[in-house]
1. If you count only protein heavy atoms and use a 1.4 Å probe, how large is the accessible surface of residue 173, to the nearest 10 Å²?
2. If ligands, DNA and RNA are left out, what is the accessible area of residue 144 with a 1.4 Å probe, given in Å² to the nearest 10?
3. Only bridges whose two residues both fall in the range 67-187 count here: according to DSSP, what percent of them are antiparallel, nearest 5?
4. Roughly how many Å² is the accessible area per residue of the range 82-187, as a whole number, for a 1.4 Å probe?
5. Obtain the radius of gyration and the Kirkwood radius of the range 67-187 from its C-alpha atoms and give Rg over Rh.
6. Could you let me know the centre-to-centre spacing of the range 50-105 and the range 155-187, using Cα atoms, in angstrom?
7. In the full protein assembly as shown, how much of residue 132 is accessible to a 1.4 Å probe, in Å² to the nearest 10?
8. Given the pairs 127/162; 73/100; 127/172; 73/102; 105/162; 73/127, which are separated by over 23 angstrom at their Cα positions?
Amino acid sequence: MVNKSVKKDFLLALVLVIAGATIFSAWISLSTVGPPQSNGNRAQLKVGDIAPPIQAAGWVNGNPTENNELQGKVIVVDAWATWCGPCRLQAPHMVETYQKFKDQKVVFIGLTTDDEELLPEIRQWLKDTGITWPNGYGAFDSLMAFHADTIPQVWVIGIDGKVVWNVDSESKESLEQGIHRALSQIP
């Protein structure tokens, strides 16, 4: 006969596994990577809209908003967070894309609402993912202006300051194709 303590431990472990699976499932659904839900597009800042100013409480890997560094360049904005599993899954693709375009007139910028208190975690996240481009933390106002209602989100901004591509681009072109299209606008 099984000891009552073993049964109790098994039931407790089972309850914890079920609770953990439920929390994990809810977390995944809140930070979905998949296609937009039927209730509308994920990236509310549409292609053709003027991009809002890029601002953050602070920067890691440099501040791209100083000295007109963004003027005349295509800007790729990536919204992420340290706690976002899908953001971590997307990071290798972002790094690969950055490597393809880093020597062209393209600037990558990461933005997170994570604040200064999480700076050690932010730095570790960037190191773990291989992301070396500027990343603004405490960028709540900018991400609200971009209407980043879920993450990860990515936008490509042309030299005219308008969104050229987002994750919901109607043409369903890739990020790389969106960057190429934006680069073709540079005289």
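The values are calculated or read from the model by the stated rules, or taken from the named source; none is laboratory data. The shown structure was predicted, so the numbers you read here are calculated from the model rather than taken from an experiment. Each accessible area value is taken on the protein alone, full model and side chains, heavy atoms only, with ligands, DNA and RNA left out. Shrake-Rupley method; radii C 1.70, N 1.55, O 1.52, S 1.80 Å.
1. Residue 173 exposes around 40 Å² with every protein chain in place.
2. Only protein atoms counted, so the area is about 110 Å².
3. Expressed as a percentage, antiparallel bridges in the range 67-187 total about 50.
4. For the range 82-187, the solvent-accessible area averages 49 Å² per residue.
5. The Rg/Rh ratio comes out at 0.94.
6. 14 Å
7. So the heavy atoms of residue 132 present about 90 Å² to solvent.
8. Values: 127/162 31 Å; 73/100 15 Å; 127/172 31 Å; 73/102 11 Å; 105/162 16 Å; 73/127 26 Å.
Pairs exceeding the cut-off: 127/162; 127/172; 73/127.
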